[in-house]
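The values are calculated or read from the model by the stated rules, or taken from the named source; none is laboratory data. Computed from a prediction, not measured in an experiment: that's the story for all the values here. Ideal geometry is used to build each Cβ from the backbone, glycine not excepted, and the neighbour counts take in all protein chains shown.
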Amino acid sequence: MKIRLLVASFIVISALVPSPTRAQQADARSDLLVSTAWLAAHINDPNLVLLHVGSREGYEAEHLPGARLVDLDDVSVSEHEKPGALMLQMPDNEALRNRLQRLGISSNSRVVVYYARDWVTPATRVVLTLDYAGLGAQTALLDGNLDLWKQEKRAVTKEIPAAKQGSLASLRIKPVIVDGDWVKANIGKPGISVVDGRAAVFYDGVDTGRGMHAPHKTGHIAGAKSVPFTEITDRTLRLKSREELAALFTKAGVKPGDTIVGYCHIGQQATGMLFAARTLGYKVLLYDGSFEDWSARDGAVETASRK
């Protein structure tokens, strides 16, 4: 209940804030992305925590010096860990604090997350989790990921760093997570854009997702807009330009100043779309549980054909 009240306050405050200017959008992008040149210059900083998102096999073959492997199981709870839970959910506050400390994260850490191969949205899920934990101002994603780092002939290693325990004060939770009840109560309200981050075939109802226990409903949350996670990156899996991303959200019907509420199958792919929205200065919320949860509810769905 406290989280819902905080989120409601967050929305009211957001509605009073003017739409972000071009300069503010540029600042948001620069706050959320760091360049390979910046990382090369800071890779030996004592407070840097570098998180590699990818397969264990890939990590053991090569990773950035000092990087630690992080898996979504390190920062979430699922049905196999907590019976009755959905596929991908935030841990409770103290459990999350302990998990982050095991990754070597402290209150003064500068955290840089990067992904190998096509692990874009697992990486953005990690970034969103750190923002939720109150560490968003000191967390960024590496622009260009592991591929660009290697193309620039920068060092990689097989050496796995020794485990290091971080030290975090009590988490200052940022209310960026909402549930299905909140979505049902707020969809269609002025200033709220519920946006489906899944591939277009699921939004349109051409394909139906498969849940853990039963197939998902066909289509999308009635009234939701669509910005597929597949559209936010270019062919090299780098985040598209500010202008290209802005065009995607405008085409979907998102208005300047809207708060974007993202969902997908289970709460992973939508974080890529929400990360792109954050670089444009939008306020964002994640429907954790997403269409897996919505399909188990009596929430309305609809299908759409794209022209």
>> Looking at the structure I just gave you, is residue 248 crowded, with 16+ Cβ neighbours inside 10 Å, within 21 Å of residue 140 (Cβ to Cβ) and in the same structural domain as residue 192 (by TED's automatic domain parsing)?
In response: no
> Is it true that residue 104 is in contact with a Gly (Cβ under 6 Å, 6 or more places away or on another chain), buried (at least 20 other Cβ atoms within 10 Å of the Cβ) and part of a loop (DSSP other than H, G, I, E, B)?
Replying inline: yes
> Quick check: is even one residue across the range 118-127 touching a Gly at 6+ places or on another chain (Cβ under 6 Å), modelled with pLDDT under 95, under 29 Å from residue 211 (Cα atoms) and not assigned by TED's automatic domain parsing to the domain that holds residue 295?
Replying inline: no
> Does the range 124-154 hold any residues that are among the polar types (S, T, N, Q) and part of a loop (DSSP other than H, G, I, E, B), and which are they?
Replying inline: none
> Out of the residues in the range 274-307 that are of a type in the set (Gly, Ala, Ser) and more than 14 Å from the chain's Cα centre (by Cα), which is modelled with the highest pLDDT?
Replying inline: 281
> Filter the range 133-173 for residues that are of a type in the set (Asp, Glu) and over 23 Å from residue 286 (Cα atoms); which is surrounded by the most Cβ atoms within 10 Å (Cβ to Cβ)?
Replying inline: 147
> If the Cβ limit is 8 Å and pairs must be 6+ apart or interchain, which residue in the range 192-213 that is assigned by TED's automatic domain parsing to the domain that holds residue 293 pairs with which residue that is basic (Lys, Arg) and in a strand (DSSP E or B)?
Replying inline: 193/225; 194/225; 195/225; 196/225
>> Just the residues that are farther than 15 Å from residue 68 by Cα and in a loop (DSSP other than H, G, I, E, B), please, taken from the range 155-177.
In response: 155, 167, 168, 169, 170, 171, 172, 173, 174, 175, 176
>> Criterion first (of a type in the set (Val, Ile, Thr) and under 10 Å from the mean Cα position of the chain (by Cα)) does residue 271 satisfy it?
In response: yes
